[in-house]
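The values are calculated or read from the model by the stated rules, or taken from the named source; none is laboratory data. Computed from a predicted structure; not experimentally measured. Cβ atoms come from the backbone with ideal geometry, glycine included; neighbour counts cover every protein chain shown. Ligands, DNA and RNA are excluded from the accessible area calculation, which covers all protein heavy atoms including side chains. Shrake-Rupley method; radii C 1.70, N 1.55, O 1.52, S 1.80 Å.
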Amino acid sequence: NILGSIQEFAIDTLEPLGIDINFEIDTVPDNVKMNLEDRRHLFLIFKEAINNAAKYSKANHVNFKFHNEKNRMVIVFDDNGIGFDPLLITRGNGLKNMANRAKLLNGTFNIQTNQEKTEITLVLTK
């Protein structure tokens, strides 16, 4: 269960830092099958997001949401931290790697950030 692995990593990483975590996870439909490599890409995208929140965001709360919407799976990770310079998306390896992994999953990837929040959204078509 890849979502369980992401949850476990988030708890192990963020709770010791005093960062509160909220999970909203729908049941994964039975018809959704991901191969090992795709699961790895999915895990590493959110591992990077979790690590970034832990190291840089100065957040005290994060949300991880997984929802099914028609023929799509929508995964959102957000924090209430200080945000970052959006130009880092093109300069930083971690953020570039996240976007590249999303492409390998044939997904759409979006990062929105400001001085009060960062939100990462990955949308995968079933």
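Points to keep in mind about this one:
- Which numbered condition residue 96 fails, given (1) over 15 Å from residue 109 (Cβ atoms); (2) out of contact with any strand residue (DSSP E or B) (no Cβ under 6 Å at 6 or more places or on another chain); (3) modelled with pLDDT under 95; (4) surrounded by 11 or more Cβ atoms within 10 Å (Cβ to Cβ): (1)
- Single residue of 60, 80 found to be open to solvent by 20 Å² or more (accessible area, probe 1.4 Å), under 16 Å from residue 20 (Cα atoms) and more than 15 Å from the chain's Cα centre (by Cα): 60
- Qualifying residue in the stretch 5-16 (condition: more than 22 Å from residue 117 (Cα to Cα) and either surrounded by 12 or more Cβ atoms within 10 Å (Cβ to Cβ) or in contact (Cβ under 8 Å) with a residue 12 or more places away in the chain (or both)): yes
- Every pair of residues 6+ apart whose Cβ atoms lie under 8 Å, when the first sits in the stretch 23-52 and is touching a residue at least 12 places away in the same chain (Cβ under 8 Å) and within 14 Å of residue 9 (Cβ to Cβ) while the second is open to solvent by less than 50 Å² (accessible area, probe 1.4 Å) and in a loop (DSSP other than H, G, I, E, B): 42/34; 42/105
- Only residues that are among the basic types (Lys, Arg) and in contact (Cβ under 8 Å) with a residue 12 or more places away in the chain were counted across the stretch 77-126, and they come to 3.
- Counting the residues of the stretch 44-100 that are touching a Leu at 6+ places or on another chain (Cβ under 7 Å) and outside any helix (DSSP H, G or I) gives 5.
- Comparison of 20, 26 shows that the only residue that is touching a strand residue (DSSP E or B) at 6+ places or on another chain (Cβ under 6 Å), at negative phi, open to solvent by 80 Å² or more (accessible area, probe 1.4 Å) and of a type outside the set (Lys, Arg) is 20.
- Qualifying residue in the stretch 36-51 (condition: open to solvent by 80 Å² or more (accessible area, probe 1.4 Å) and over 16 Å from the mean Cα position of the chain (by Cα)): yes
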